[in-house]
Amino acid sequence: MRKNHIAIIAVCIAAAIVCGGIAGSFRIALALSGLHADYMEVDADFDANGKQIKILWVYSEEPAWAYMQRNVFGIWSVEYTGIRAISWLKPVGMRRFSARENPITEFESHVYYYGNDATMLIDPYKLALPHNVHINVRQAGKEYWIHWISFLGEEPSGINIRQLLLDAGFIS
């Protein structure tokens, strides 16, 4: 009987350790990747494989973006980071006229861009944006984030966001 009690206690302790590890995996993943645990969650979504993702702005001596993903076991990991910008691609649909045609896959491209050199309030309507592009600007004084979303396969990676802002006179 005593051995059964020890086994039950050992299983409970192991379960508590596993649950604690899963619950704390978010901060553990940040620490293992060398990022500070002081962050702001900017975006949350699901990727093309149905895994939960979070985009974080991590405060530290060198602020950075972090793309985090949760696996099927509920454990978070930092997939990649970026200093000035971070981006990802997400399929959102397919279209075709008949079953014999190859489908046209439509994507949603996301880019978060950070800057701290604004000279005035950034007005997204005054930017020369490409077709099928939407941006959302968050700004506080000279610091700003731009969330760039493009649709129908438009690739934002070929567009220089900084140059668009310079041409419009919003940054120096």
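Just so it is clear, none of the values below were taken in a lab; they were calculated from the coordinates. Keep in mind that what you see is a predicted model, and the values were worked out from it rather than measured. A quick note on method: Cβ atoms are made from the backbone with ideal geometry, for glycine too, and the neighbour counts reach across all protein chains shown.
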* **Whole-Hz couplings from phi, Karplus 6.51/-1.76/1.60, listed for segment 45-54; x for Gly and Pro** => 7, 10, 7, 5, 9, x, 8, 6, 10, 9
* Asked: Can you list the residues, at least 5 places off or on another chain, whose amide H is less than 5 Å from the amide H of ILE159, using H built in the peptide plane?
  -> none
* Asked: Restricting attention to segment 75-107, which GluC sites (Glu not before Pro) occupy a DSSP loop and are surrounded by at most 15 other Cβ atoms within 10 Å?
  -> GLU101
* Cα→Cβ-extended label distance, 7 Å offset, between ARG96 and MET40, nm -> 4.5
* **5 angstrom amide H check on TYR59, placed H, neighbours 5+ away** => ASP38, TYR39, MET40
